[in-house]
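The numbers here are math on the coordinates, done by the rules we state, and not lab data. Values in this document were obtained by computation on a predicted structure and should not be read as measured data. Here the Cβ positions follow ideal geometry from the backbone for every residue, glycine too, while neighbour counts run over all protein chains shown.
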Amino acid sequence: MTDNLQLNADGKLKHFLTIEGLSRALLTEILDTAESFVGVSDQQIKKVPLLRGKTIVNLFFENSTRTRTTFELAAKRLSADVLSMSIATSSTSKGESLLDTIRNLESMFVDMFVVRHAISGAAHFIAQHTAPHISVINAGDGQHAHPTQAMLDMFTIRQIKKDFAPLRVAIIGDILHSRVARSQIQALNTLGAKEIRVIAPKTLLPAHVETLGVTVSHDLTEGLQDIDVVMMLRLQKERMTSALLPSESEYFKCFGLTESKLKIAKPDAIVMHPGPINRGVEIESTVADGPQSVILKQVSNGIAVRMAIMSMAMQPQGAF
Amino acid sequence: MANILIQHGRIIDPANELDHVGPLYISGGKIASVTDAPAGFVADTVIDASGQVVCPGFVDLSVRLREPGQSRKATFKSETRAAASAGVTTMCLQPDTTPVIDTAAVAELIRELAEKAGYPQVYPIAALTRKLEGNELSSMLALKEAGCIAVSNANQPIRNLLILRRAMEYAASHDLLLIFRPNDYWLGNNGCAHEGAVATRYGLPSIPDAAETIALDQCLELAELTRCRVHFGQLSCKRSVIKIHQANKYGLNVTADVAMHQLHLTENDIKPFDSAYHVLPPFRTEADKQYLRQGLACGTISSICSDHQPHDIDAKLGAFPETEPGISALETLLPMMLKLVAQHAITLSQGIAALSEQPAQILQLPSGTLTPGVAADVCVFDPELAWQVNRSQWHSRGINTPFWQQTLKGRVTHTLQAGKRIFCLADGQ
């Protein structure tokens, strides 16, 4: 089950929906391109004219502040015109269908959709049905994928660790519901990380998780040994009420990242988190704000990485 | 009624262990002979079936025709035509229509719709509980008298096992067959894909096979307790086959079927987020598929249904989990059965039996055979004729099938229902 929907006839990026099916060369190209954009935000005039005259619509069917803002900034720094729409979806009052929304916006001469949706596969669906000249960037769909987040994580890791080959990476927390984790795992595997270890109770791991190319641990103390990169995931509060976990405090006791737990990992290990952080639930404040944390670096890198992906998808002929 | 002679065809009638080339005589709407011409027989119509197979018309244990209530998806007219073109001469209609088949009036309406469509052998299945809500018993006896052939709660859960027990006891009192699709509501957890590697990779809400096997176990226990006749519909996994096999060995008189597509597709065949593959129960693993095939070959699963569920375009247009499950499956029934034969999973005779004799026996209908004296429900098909699944060849209003645009082998050329020709490929009806 692979698809080339994301690539055009020349093998260049057309849509960015998932890491799956993309080559190491292409992921590296994204990271290299992002590198060239890092300086843009430090300039007096924080803009490059690459997407001047292009119209990008941020279509957020699910709330998000950080992701929407960084996409907006990234588009603006590429000189595109940006429109951000928050479309509240209510299952009870079914109004316009997803496809109708897309069709309406299409007829306003849009060049790119950045889509976040609560249902897995929504970005694929839009890419399959939208006009051929429009690119679709997945900004998170259900529990499926969040590929731009994964790429900014890879960018941050590469910035600090340089090479993926020797790295042992731990991903800790709610893997089951996490689109971030799925994309991170695919990216790390494609880029050749030595080991990816998922650490969580069984209730927060999907069936046959090892088929994703990871090793599994249910014990944080054991799981953190020899780890170079610690990737925390956000724990949604509603997991307590759906009988996946007994309590926040028990979760924190077993899987919360504290200073003493972090000492088990390698001394130069970095700590990452896609945000927003639940302090005292999955991570201790002293760790989140501590010297090994690169959480805020991730956020600023998000802009450069999203600039890279948007500009590559909009210039599929490789003229970039 | 006219005398019909079907000649030079390969007659396969599993019930009578027939497999030979020869004539089939039909007179007065009934099978007259499969050997010599009856005395004084003069054919009004002669069908040349050279190179073709002549077998009993197919009996389908589970279809949705979308009427009453959802005529935007399909109608009796469109779907009975699709059935006729697929060699199906008897169909059981699931009770989850709108309104639900829980009163005699709705059952009678369905019989009327069927008569009007010129396809009288649509048997409604009565709702086991009122509105299928799983709380109160339906008026099963009145429904039986109005023509319902069995009772079922379709895909709706009965969460309280005491109610299921009472319903089974009541059904048993009136010698009604319960058709049960096992699925534990809570374990199913509103999933849309098999709980396995593929759902994990795509982040799809998933259904473990235990959702089926646990519900199956519960119903088997209650079948033992209540002595209700139970037929399990649309099994999808390995351990279900094992459990049915064990129950039969233990002496419990239960039967089971499988939907044709489950014998061909697995989770690995799902194209990324392609809603044509959204079915319930979901496509499971290769091991499950192989077990279902073996179960069919050894008779643990005695019949195959189409589980025909035509949809309008909009129902399948959306992100995978939000689309409606089901496949428009009548017209691919024969070619997919022949594919099982070509792959040596079953013999041709077994395939025909699973589509005709066996389901008829489950329903205690006299059809499904070519025994002289029974109504002449006959299917004639060309096993070698290849055709492409596309608009011009298709009768159902629903084009929701994963086999769309594929070229399949095996086509029905004539369908007779009680001696009346209801489909002829050459006429392009």
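Here are a few things to note about the model shown:
- Cα centroid separation - segment B:161-196 against segment A:291-309, whole Å: 52
- Span-like helix ranges in chain A, DSSP H, alpha carbon extent 24 angstrom or more, Kyte mean at least 0.0: A:295-314
- Taking each of B:K77/B:K289; A:K202/B:K271; A:K12/A:K161; A:K202/A:K237; A:K14/A:K297; B:K243/B:K271 in turn, the alpha-carbon distance tops 23 angstrom for B:K77/B:K289; A:K202/B:K271; A:K12/A:K161; A:K14/A:K297; B:K243/B:K271.
- Taking the longest Cα principal axis of chain B as reference, the axis of helix B:333-342 is set at about 90 degrees.
- Based on C-alpha pairs under 8 angstrom that are at least 6 apart in sequence, chain A has a relative contact order of 20 percent.
- Low-density loop cleavage sites - trypsin sites (Lys or Arg not before Pro) in segment A:219-254, where at most 12 other Cβ are within 10 Å (DSSP): A:K237
- Within the shell of other residues whose beta carbon sits under 14 angstrom from the beta carbon of B:S349, the net charge comes to -3, with Lys and Arg scored +1 and Asp and Glu -1.
- Global geometry of segment B:57-362, whether rounded, prolate or oblate, following the gyration tensor of its Cα atoms and the 1.5 cut on a/c: rounded
- 0 to 90° range, to nearest 10: angle between helix B:238-250 axis and chain B longest Cα axis: 70
- Cross-link partners for B:K420 among the aspartates and glutamates, with Cα-Cα distance under 12 Å and sequence neighbours closer than 8 places in the same chain left out: B:D377.
- Whole-number percent relative contact order across segment A:147-298, with pairs defined as alpha carbons under 8 Å at least 6 apart: 24
- Alpha carbon centroid spacing (whole Å) that separates segment A:6-34 from segment A:195-238: 27
- For B:K238, the aspartates and glutamates whose Cα comes closer than 12 Å to its Cα, not counting residues fewer than 8 places off in the same chain, are B:D209, B:E212, B:E286, B:D288.
- Set of lysines near B:K409 by C-alpha distance (under 18 Å), chain-local residues within fewer than 8 positions excluded: B:K339
- In order through segment B:36-53: 3J(HN,Hα) via Karplus (6.51 cos²θ - 1.76 cosθ + 1.60), integer Hz, x for Gly, Pro: 9, 5, x, 4, x, 6, 10, 6, 7, 10, 10, 10, 8, 10, 4, x, 10, 9
- The Cα center of segment B:385-423 and the Cα center of segment B:303-374 differ in position by 13 Å.
- Between amide H atoms placed 1.01 Å from N, distances below 5 Å from B:I11 occur with B:H20, B:V21, B:G22, B:V54, all of them 5 or more places distant or on a separate chain.
- Helix axis angle, B:161-173 relative to chain B longest principal axis, alpha carbon, degrees: 30
- Taking chain B and dividing mean pair separation by its residue count, relative contact order in percent (alpha carbons under 8 Å, at least six apart): 20
- For the peptide A:123-135, the mean number of other protein chain Cβ atoms found within 10 angstrom of a residue's Cβ is 2.
- Total lysine pairs in segment A:18-151 at Cα distances under 27 Å, for residues eight or more apart or on different chains: 4.
- Working ranking of peptides B:36-42, A:35-41, B:416-422, A:202-208 by packing, defined as the average number of other Cβ atoms within 10 Å per residue, highest first, is B:416-422, A:202-208, A:35-41, B:36-42.
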